[in-house]
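For reference, the structure discussed in these notes is given below.
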Amino acid sequence: MIKVSKFGGSSVADASQFEKVANIVKSDPERKFVVVSAAGKRFSGDNKITDLLLLVNAHIQYGVDCSPLLATIQQRFEEIANELGLSFPVAEEFERFVESIEKVSPEYVVSRGEWFTGKLMAEYLGMPFVDAADVVVFHHDGTVDMERTQTRLREALIHTGGSFLLPGFYGATVDGQIKLFKRGGGDITGAVLARCIDAGLYENWTDVSGFLAADPRVVENPRGIHRITFEEMRELSYMGASVLQEEAIFPVREVNIPIQIKNTNAPDDFGTIIRETANEHAREHLITGIAGKKDFVGIYVQKAHMSNEIGCVRRALSILESYGVSVEHIPTGVDSFSIVVNGDDVKDSIYSIVADMQREVKPDSINVLPGLALISVVGRNMSRRAGTSGQIFGALGEAGINIRMITQSSQEISIIVGVQNEDFEKAIHVIYDHFGNAEVISER
């Protein structure tokens, strides 16, 4: 099985981290393709190379001397090269970069973090270096030209003998203009590479051992999630349980390539496997994970005989659209509905929105419920055990937690509960204590 192994910034932050990466890659002959981010933070208070390069661009834009920043970046790369005894001419290459810095695009400047890191890592691993600008092809609108990218990556595979290192985060248009993915785009690069070469597994190496069943800042020592489906991961990530750049899942999900989240600092930990289905084991957890966020706002609208009136909800949603506000959830009743939105999205416009709704919808009453926290209880197995939702609500009730909102996903893999901000941590504790380690027996 061919594996694509992507290493994040913390995994390549300094020479000692380079050594860990080398040990990981060389321990498995199936790890034939490596993707690296730019060198990240070495310690708390340190700077990521990408952040320093973004600051260089800002200095150039405002005519401020950026030579101290550039010297700091060069020193980081020289320290890695010197400590590992590498022959790559950092000083000469960096001098060329500095000489051209006001002639090239800001995207080119930022991409050099991955380029220099990739050059050093390729030499240290003894692997061919393939420049992402030569193989990852962008359309001018910033989307990836997957067809051209696949052709070029497969050509690179042949030319390099079936193994190479690729810097993440950037590519280029057909006319050579450097383009960047969003921050965290190295994850996307790895996924694109895995898809284009038909890899059997996409490994994403970072500084955590995969997903946890709850936020460790709220629940002490929550269990790890060993297996999770793409849908479950999306549900948890949306509520803040983010380990992987979300856009990185789509290239591999479409062709059913699993992703494994692994810890560079604890390579023997199993981590988390993300795949389309997760039915390998007869015994599975009832709840896969719990995640949540605070500071939502509910807009509660009540109007007699609303169920007989066509377009009432649509008019309310159109008002929010006109203010550029995204809707999170819409719990409904016979003659009422609530619209839940992110508090930050309406902090300056909520009273105007309410006034517009009163004019357009003409409700009997409209109330704003601030300070709402949403908790998503996610699990592909919940639908197979009768009464799970009732048990969750019962446990919260026994703990004296008032439930302000309830909704369930159409796929029946998540139950979302709305509580007041002040009950957020307590509610997560209650749910995890009651159900976090509960198991079910698979009948598949």
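Going by the conditions given, is F211 more than 30 Å from V377 (Cβ to Cβ) and either of a type in the set (D, E) or buried (at least 19 other Cβ atoms within 10 Å of the Cβ) (or both)?
Working: more than 30 Å from V377 (Cβ to Cβ): no; either of a type in the set (D, E) or buried (at least 19 other Cβ atoms within 10 Å of the Cβ) (or both): yes.
It is false that F211 is more than 30 Å from V377 (Cβ to Cβ) and either of a type in the set (D, E) or buried (at least 19 other Cβ atoms within 10 Å of the Cβ) (or both).
Tell me whether region 294-316 contains one or more residues that are touching a residue at least 60 places away in the same chain (Cβ under 8 Å), outside the structural domain of L374 (by TED's automatic domain parsing), touching a helix residue (DSSP H, G or I) at 6+ places or on another chain (Cβ under 8 Å) and in a strand (DSSP E or B). Can you show your working first?
Step one: filter region 294-316 for residues touching a residue at least 60 places away in the same chain (Cβ under 8 Å), giving 294-304.
Still in the list and also outside the structural domain of L374 (by TED's automatic domain parsing): none.
No - not one qualifying residue is present in region 294-316.
Any residue at all in region 147-163 that's crowded, with 16+ Cβ neighbours inside 10 Å, closer than 29 Å to N265 by Cβ and touching a helix residue (DSSP H, G or I) at 6+ places or on another chain (Cβ under 9 Å)?
Yes.
Is it the case that some residue within region 142-164 is aliphatic (A, V, I, L, M) and within 24 Å of the chain's Cα centre (by Cα)?
There is at least one residue in region 142-164 that is aliphatic (A, V, I, L, M) and within 24 Å of the chain's Cα centre (by Cα).
Scan region 323-337 and give yes if some residue there is among the acidic types (D, E), in contact (Cβ under 8 Å) with a residue 40 or more places away in the chain and exposed (fewer than 13 other Cβ atoms within 10 Å of the Cβ), otherwise no.
Among the residues of region 323-337, not one is among the acidic types (D, E), in contact (Cβ under 8 Å) with a residue 40 or more places away in the chain and exposed (fewer than 13 other Cβ atoms within 10 Å of the Cβ), which makes the answer no.
So for region 36-55 (the condition being in the same structural domain as P167 (by TED's automatic domain parsing), of a type in the set (D, E) and more than 24 Å from the chain's Cα centre (by Cα)), does at least one residue qualify? Give the steps one after another, and end with the answer.
We begin by selecting, within region 36-55, every residue in the same structural domain as P167 (by TED's automatic domain parsing); these are 36-55.
Filter once more, so that each one left must be of a type in the set (D, E): 46, 51.
Still in the running and more than 24 Å from the chain's Cα centre (by Cα): none.
Within region 36-55 (the criterion being in the same structural domain as P167 (by TED's automatic domain parsing), of a type in the set (D, E) and more than 24 Å from the chain's Cα centre (by Cα)), the answer is no, since none of the residues qualifies.
Here are the criteria: (1) over 23 Å from C196 (Cα atoms); (2) surrounded by fewer than 17 Cβ atoms within 10 Å (Cβ to Cβ); (3) in contact with a strand residue (DSSP E or B) (Cβ under 8 Å, 6 or more places away or on another chain). Tell me which single one G292 does not satisfy.
Result: G292 fails condition (2) only.
I'd like the full set of residues that are among the β-branched types (V, I, T) and under 24 Å from the mean Cα position of the chain (by Cα), limited to region 282-331. Please lay out each step first, then the result.
First, pick out the residues of region 282-331 that are among the β-branched types (V, I, T): 287-288, 290, 297, 299, 301, 310, 313, 319, 325, 327, 330.
Scanning region 282-331 gives I287, T288, I290, V325, V327.
Hey, among I60, I24, which residue is in the same structural domain as V135 (by TED's automatic domain parsing), of a type outside the set (D, E) and touching a Pro at 6+ places or on another chain (Cβ under 6 Å)?
Exactly one of I60, I24 is in the same structural domain as V135 (by TED's automatic domain parsing), of a type outside the set (D, E) and touching a Pro at 6+ places or on another chain (Cβ under 6 Å), namely I24.
Give me a count of the residues in region 203-217 that are over 13 Å from G240 (Cα atoms) and out of contact with any Ser or Thr (no Cβ under 9 Å at 6 or more places or on another chain).
Number of matching residues: 1.
Restricting attention to region 21-56, report how many residues are under 24 Å from D268 (Cβ atoms), touching a helix residue (DSSP H, G or I) at 6+ places or on another chain (Cβ under 7 Å) and in contact (Cβ under 8 Å) with a residue 60 or more places away in the chain.
9
Evaluate the following for E246: is it surrounded by fewer than 23 Cβ atoms within 10 Å (Cβ to Cβ) and out of contact with any Pro (no Cβ under 9 Å at 6 or more places or on another chain)?
yes
Checking the structure you have, find out if any residue of region 261-271 is of a type in the set (A, V, I, L, M, F, W, C), buried (at least 20 other Cβ atoms within 10 Å of the Cβ) and at negative phi.
Scanning region 261-271 turns up at least one residue that is of a type in the set (A, V, I, L, M, F, W, C), buried (at least 20 other Cβ atoms within 10 Å of the Cβ) and at negative phi.
Within region 103-150, track down each residue that is outside any loop (DSSP other than H, G, I, E, B), out of contact with any Leu (no Cβ under 8 Å at 6 or more places or on another chain) and closer than 20 Å to V21 by Cβ.
Correct list: E114, W115, F116, T117, K119.
The rows are residues; the columns are (1) over 20 Å from Q177 (Cα atoms); (2) modelled with pLDDT of 95 or more; (3) surrounded by fewer than 15 Cβ atoms within 10 Å (Cβ to Cβ).
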site: L52; (1), (2), (3): yes, yes, no
site: H59; (1), (2), (3): yes, yes, no
site: D65; (1), (2), (3): yes, yes, yes
site: R76; (1), (2), (3): yes, yes, no
site: I80; (1), (2), (3): yes, yes, no
site: F88; (1), (2), (3): yes, yes, no
site: A91; (1), (2), (3): yes, yes, yes
site: K103; (1), (2), (3): no, no, yes
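When F337 is evaluated against the numbered criteria (1) in contact with a helix residue (DSSP H, G or I) (Cβ under 9 Å, 6 or more places away or on another chain); (2) more than 30 Å from I225 (Cα to Cα); (3) at pLDDT 95 or above, which criterion, by number, is the only one it fails?
Condition (3) is where F337 drops out.
Is it the case that some residue within region 28-40 is polar (S, T, N, Q) and surrounded by fewer than 21 Cβ atoms within 10 Å (Cβ to Cβ)? Give the steps one after another, and end with the answer.
From region 28-40, those polar (S, T, N, Q) are 37; that's our starting set.
Now narrow it down to the ones that are surrounded by fewer than 21 Cβ atoms within 10 Å (Cβ to Cβ): none.
The answer is no; no qualifying residue exists.
Could you list, in sequence order, the residues of region 130-146 that are free of Cβ contacts under 8 Å to residues at least 40 places away in the same chain and surrounded by fewer than 19 Cβ atoms within 10 Å (Cβ to Cβ)?
D131, D134, H139, H140, D141, G142, T143, D145
Determine which member of the set T151, T189 is in contact with a Gly (Cβ under 8 Å, 6 or more places away or on another chain) and either in contact (Cβ under 8 Å) with a residue 12 or more places away in the chain or not aromatic (F, W, Y) (or both).
T189
The values are calculated or read from the model by the stated rules, or taken from the named source; none is laboratory data. All of these numbers come straight from a predicted model, not from anything done at the bench. Counting neighbours? That spans all protein chains shown, and the Cβs are built from the backbone with ideal geometry, glycine included.
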